[in-house]
Amino acid sequence: MYRVVSRKISAIAIGAILYALGSFVTSYIVSPWGTGQFRPAIIIPSLFSIIFGPEVGGISAAIGTF
C-alpha cells in the first residue's frame, strides 16, 4: 500500500519538474498562430499518465504549470 502511494508521489514530483523545465525551455518558441505558447513539453505529463495512471499525469501537469 505505502509503496504504491510513495511511487505515485515520486512520479508526480518528477513529472512536474520535467514538465516545468520543458515548458520553460520551449516557452520562447513563437506560436505558429501568433498568440499563446507552443508547448511540446505537454508530452511529458501524457507519458506519465500512460505509465502511472491519469491522476499522476493530471496532477504533475497541474503542478508543473505553476
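The values are calculated or read from the model by the stated rules, or taken from the named source; none is laboratory data. Fair warning: this is a prediction, and the values are worked out from it, not measured in the lab. Heads up, the Cβs are rebuilt from the backbone with ideal geometry, glycines too, and the neighbour counts pull from every protein chain shown.
The figures follow:
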{"read-out": "In the stretch 57-66, the residues that are touching a residue at least 40 places away in the same chain (Cβ under 8 Å) and either in contact with a strand residue (DSSP E or B) (Cβ under 9 Å, 6 or more places away or on another chain) or surrounded by 14 or more Cβ atoms within 10 Å (Cβ to Cβ) (or both)", "value": "GLY57, ILE59, SER60, ALA61, ILE63, GLY64"}
{"read-out": "Selection count, the stretch 3-47, where residues are among the hydrophobic types (A, V, I, L, M, F, W, C), surrounded by 10 or more Cβ atoms within 10 Å (Cβ to Cβ) and within 14 Å of ILE59 (Cβ to Cβ)", "value": "10"}
{"read-out": "Filter pass, PRO54 being over 11 Å from the mean Cα position of the chain (by Cα), at pLDDT 90 or above and surrounded by fewer than 16 Cβ atoms within 10 Å (Cβ to Cβ)", "value": "yes"}
